[in-house]
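Rule-based calculations on the coordinates, nothing more; no lab input. Note that the coordinates shown come from a computational prediction; the quantities given were computed from them, not determined experimentally. In this analysis, Cβ positions are derived from the backbone assuming ideal geometry, glycine residues included, and neighbour counts consider all displayed protein chains.
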Amino acid sequence: MNFLRTTFMSGYKSKAYPNYWDLIALLLVLGVITLLAWVARQMAVPYQLGQAISISLDPNHLPGYALRTVLRMLIALFFSLLFTFIFATWAAKSRRAERIIIPFIDILQSVPILGFLSITVVGFIGLFPGSLLGPECAAIFVIFTSQAWNMALGFYQTVRSVPTELNEAGNMFHLSAWQRFWRIDVPFSLPGLLWNMMMSMSAGWFFVVASEAISVSNQQILLPGIGSYITLAIASADMRAIGYAILTMFIVILVYDQLLFRPLVAWAEKFKAEQVAEDTKEARSWLINLLHRTRFLRYLSTQLTYLFDLFVNIAFLRSKPIHSHRPRMSHYARYITWLWNTLLICLISGVLIFLYHIVFHSVPFATIEHIFSLGLITALRVLVLVVVCTLIWVPIGVWVGLRSNVAHIVQPIAQFLAAFPANLLYPLVVILIVKYHLNINIWVTPLMILGAQWYILFNVVAGASVMPKDLLQVADNLGLGFWLRWRRLILPGIFPYYITGAITAVGGAWNASIVAEVVTWGDHKLVASGLGAYITEQTLKGDFLHIALGIGMMCVLVLIFNRLIWRPLYMLSRERFTLD
Amino acid sequence: MQDLIQPVIATSPLIEVVNVHKSFKKGDRQELLVLEDINFRMYEGEIVAILGKSGSGKSTLLRIIAGLVQPSAGTAFYRGQPVFGPVRGISMVFQTFALLPWLTVLQNVELGLEALGIDRNERRERALKAIDTIGLDGFETAFPKELSGGMRQRVGFARALVINPDILLMDEPFSALDVLTADNLKSDLLDLWQTQKTGLHGILFVTHNIEEAALLADRIIVFNSNPGSIRGELKVTLPHPRNDMDPRFRNQIDRVYTLMTTQPLAESGMREGHQVIDLGYRLPEANVAEITGLLETLNAPENNGKMDLPDVADTLMLDIDELFPLTELLEILHFAKVSKGDITITEAGKAFVEADILERKKIFLLHLKKYVPLARYIYDQLTRHPRHRALEENFLSLLEDYLTEKEASRILSTVIEWGRYAELFAYDYNAGVLSLENPN
């Protein structure tokens, strides 16, 4: 489960303190968000959407919608991979690029993902006027943002941890940069990258469902897909359609798990860098076994290997023999550094002036105060949720994890549930709230963690199941009582795993707040007070300045909580509680 | 190194290293010198060993010759041409094999050919031949993780030899293997070399194993540590195959030990034949149990307080990387004296080893305070502090003035271990605080 670093996790290995690069990145990101919002405001408000494709609640259309949704996921995945290969590699190989790229990605991770949708959708519509391609791109872009940062940070870290001797062997045998990338860097990072990809994709279902139906400036845009189907079902309060949608999603995720996820992970086993064949159970997949045994597919894979060989050995990207003169120190290097720094300073002062101008001249201070207090309410929700989930899932997770036969059943189910987009289930909760007239501010809260809680469960299960047997036996042997056993052995033992799960769950909850704090069912509309609801409401109104303020506030709050609570806890768990 | 042994054959050298210095930057201002003024030549048809303790910079020198690392000053030449990057014609075998785990044996061997742009069919043919030569046939389609250590290093050799190199560099090629496997591989390598099957014109390797150097090499270059420099060199003229029980061979080994333990006159700082060290000295990584064990062996009736170092290494089954830190610490603490390849226990050492557990601690405490300036310094600082506490970082940053970050933290933790054993001070791992108080 060590690969399980989803949103908010990957940057944690770096130092505990933010350095000034983080601050610069934060400033620039906030600046860009505000700028985008500002540009959006300038655009003509009534968009030309062309002919709206009508969504039908007929279940016969659902397979087609599901396919569209899956396609969006795959396109986004492709771009995330491209982004990862380019920027993560660049950061890993160049110090100057690293100082910019890594803090940037770190900050971008804490921008609420659906916030990207609110901000960019207008821009994309402007790019492709009169067609649905704009919103389509915006939806894909949102999925991209839910995957790319995480994948890039993970890839960057693994590329940097390629053993020195492997790199030296690459140098010694004259591999070109291109060959080295495909022969050493990519294969070495592949198991981690795949896990990361798969986990990001699981999280991505949530966002794809949310981003297909977007209301902006009092105009609803529906892209054909499961997300729009469910939005329509909610609007017309059609319980049966909701059932169909949940069933379809269930099947889609099952198929994706069996046909894509498992085979790829099983295939990636061969790239694990351990030099010793271990006894631990390897990931297996019936599909991979089948493929290995089919003659035609074996033939196909040989051909693919051959093509890959050609690709890696493209002639013009081969290394040239080293010429016998000292690599010259560039005289321009100094000027470039100087120019670079000047540029950076200009950029930062520009952003500062712009932000100052926008925030303090166009917005009264009371608004900022208001947004801040809304942010605190959402933060309080997140904290309460984590505590409640911990109290529920830690004992259950430990109970399950210590019984390997139960764990084998529960683990895949929990992973499956984590992938299932929880927003499909929101209507069920809303119906209950409406029916029993429950307090909205309290009962909307659990929605935020509906999908993310499973991360806590399956991480705790993983932690408990790798607890060394001899330690448990020592505890029995010494006759430790219940509390002593938990305090001295079990809690410290699962702590690193729990923290990993909790951080992921918190990230998920912040992201979910944007859709969870405003929920509807038919004509009922429940609005809780919180920052998420604020962003949604402003998006609906099309007030871009306030959207940017809301997103910026959430970004800053998430960062503060991460640096003050989660990162120190994560470091502590790494240093003190890791069982080797 | 002034007295380079002149070669009999006056051809131009294969490799020539001239005035090479290497220092690594640490922090903004400071530099750490790892290689100082290295000069040597290697000629056609020679096997040369570079012998030294770990951390003596010998691997760095090998990498400078390979073109993987740039020297800070001076130049390495390959056949008269200065080396500025990996050169075609020089190949290398790595300590941990450096095989790509996701490639089969065959693909791993083909890697170097691929980089040279050789076409697929010729690549395959040459790789298969190399695999044959090195005794790996039957394993072409295996992945490295299916192979034993010895077989993996064979893949390393096949990969290095398939590109028909002129010179083979080896970085501790046998140190990750068990003794039997290593012996087997060494004799196969010598076979290949002597039957001229490889087209190699020279082999240069780095090792910390004296026997290995004497078994393979025609010439042994002995390295000093801190900073790495050449201490001297020895020619080994015994014909191959060499037998490690042969008295002439044992004699060679004795010569190496003598060369390694005799203090050159230039090295001053000797007092009454014992080493005097300063605050930033690179204390050896040795623990109390180990030196006690060594002293007990020395003090055993059959040894009578004095032993030949090769015998000590044999009896305790230690290689020089393990043995020399122990002898160094014994010397520093004045528990034993080392000279000319012999080690002799002192009176204090005798008293220490014959005492009971508590008495031993007292003697150790006395010597630690007296002869290890760092321990004494820490103790003084703690005594002066009003609450008798100090942060570990303070001492760490002090040490980092002299040493690399990694080395500084290793030395501090070594000295903390000694100090705790002697009950000179206490240490709280979580807080990183040193103190005089005992835990309550």
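Tell me, what is the FRET efficiency for A:Phe79 and A:Ser131 to the nearest 0.05, using R0 = 25 angstrom and their Cβ-Cβ distance as r?
Efficiency at R0 = 25 Å is approximately 0.80.
Across the residues of B:81-91, average count of Cβ atoms on other protein chains within 10 Å?
Taking the mean over all residues of the peptide, I get 4.
In whole Å, how far is the Cα centre of the range B:374-423 from that of the range A:118-168?
48 Å
Taking the DSSP beta bridges in chain B as the whole, what percent of them are antiparallel, to the nearest 5?
65 percent
Starting from the 7 Å offset along Cα-to-Cβ, what nm value, one decimal, do you get for the label separation of B:Lys369 and B:Asp244?
4.5 nm
Determine the relative contact order of the range B:62-131: mean sequence separation of Cα pairs under 8 Å and six or more apart, normalised by residue count, in whole percent.
Relative contact order here is 21 percent.
Would you calculate a helix-derived [θ] at 222 nm for chain B, using -39,500 (n - 2.57) for each DSSP H run of n ≥ 4 and dividing by the full residue count, to the nearest 500?
Helix contribution divided over all residues of chain B: -12500 deg cm²/dmol.
Using a ≥ b ≥ c from the Cα gyration tensor of the range B:284-353 (square roots of the eigenvalues), is it rounded, prolate or oblate, where a/c under 1.5 gives rounded and otherwise the larger of a/b and b/c decides, a/b for prolate?
Note, shape of the range B:284-353 comes out rounded.
Based on the Cβ-Cβ distance from A:Ser349 to B:Arg420, what FRET efficiency comes out when R0 is 51 Å, to the nearest 0.05? If you can, show how the numbers build up before the last one.
Numbers: r = 54 Å, r/R0 = 1.06.
Taking R0 as 51 Å, the efficiency between A:Ser349 and B:Arg420 is 0.40.
Which angle from 0 to 90°, rounded to the nearest 10, does the C-alpha axis of helix B:149-161 make with the longest principal axis of chain B?
Value to nearest ten degrees: 50.
Using a basic spin-label model with each label point 7 Å from the Cα along Cα→Cβ, how many nm lie between A:Ser161 and B:Ser409?
In this crude spin-label approximation the distance works out to 1.5 nm.
Using only alpha carbon pairs under 8 Å that are at least six residues apart, calculate the relative contact order of chain A and give it in whole percent.
Rounded, it is 22 percent for chain A.
Suppose only helical runs count, i.e. DSSP H with n ≥ 4. What mean residue ellipticity at 222 nm does that imply for chain A under -39500 (n - 2.57) per run, divided by all residues and rounded to the nearest 500 deg cm²/dmol?
Helix contribution divided over all residues of chain A: -22500 deg cm²/dmol.
Tell me, in nm to one decimal, what length is gained between B:Leu358 and B:Asp380 on full extension, where the rule is 0.36 nm per residue of separation less the Cα-Cα distance?
Residue separation times 0.36 nm, minus the Cα-Cα distance, leaves 5.6 nm.
Work from the charge dipole of the protein assembly as shown (Cβ charges, +1 for Lys and Arg, -1 for Asp and Glu, about the Cα centre) and give the residue of B:Tyr371, B:Ala142, A:Gln220 farthest towards its positive end.
Towards the positive end, the residue furthest out is A:Gln220.
How far is the Cα center of the range A:175-232 from the Cα center of the range A:375-426, in Å?
Here the two parts' Cα centres lie 23 Å apart.
Checking understanding here: applying a Kyte-Doolittle mean of at least 0.5 and a length along the axis of at least 27 Å (C-alpha), which whole DSSP H helices in chain A pass?
Membrane-span-like by this rule: A:20-42, A:62-83, A:133-160, A:186-212, A:332-362, A:365-401, A:491-516.
Would you mind calculating the relative contact order of the range B:295-342 from Cα pairs under 8 angstrom and at least 6 residues apart, reporting the percent as a whole number?
31 percent
Mind checking the mean number of beta-carbon atoms from other chains within 10 Å of the Cβ atoms in B:92-103?
Shielding by partners across B:92-103 averages 6.
Looking only at other chains, what is the average number of their beta-carbon atoms within 10 angstrom of each beta-carbon in B:204-214?
Other-chain Cβ atoms within 10 Å of each residue's Cβ, averaged: 0.
Ranking B:His21, B:His334, A:His408 by Cβ neighbours within 10 Å, fewest first, what do you get?
Numbers: B:His21 16, B:His334 19, A:His408 11.
So the ranking, lowest neighbour count to highest, is A:His408, B:His21, B:His334.
Sorting check: for B:97-106, A:475-484, which peptide has the highest mean count of neighbouring beta carbons within 10 Å, and how do the rest follow?
The peptides rank, most packed first, as B:97-106, A:475-484.
Can you pull the one-decimal nm distance between simple spin-label points at A:Lys525 and A:Ile565, each 7 Å off the Cα toward Cβ?
Each label point is offset 7 Å from its Cα along the Cβ direction, giving 3.1 nm.
What's the exposure ranking of B:Ser23, B:Ser91, going from fewest to most Cβ atoms within 10 Å? Walk me through the numbers on the way to the answer.
Numbers: B:Ser23 16, B:Ser91 25.
Ascending number of Cβ neighbours within 10 Å: B:Ser23, B:Ser91.
Starting with the fewest neighbours, write out B:Val155, B:Val109 ranked by other beta-carbon atoms found within 10 Å of each beta-carbon.
So the ranking, lowest neighbour count to highest, is B:Val155, B:Val109.
Quick one: of the DSSP bridges fully inside the protein assembly as shown, what percent are antiparallel, nearest 5? Please list the in-between numbers first.
On the way: 45 of 65 bridges.
Antiparallel bridges: around 70 percent, rounded to the nearest 5.
Given the C-alpha centroids of the range B:301-350 and the range B:66-82, what is the distance between them in whole angstrom?
The range B:301-350 and the range B:66-82 have Cα centres spaced 39 Å from each other.
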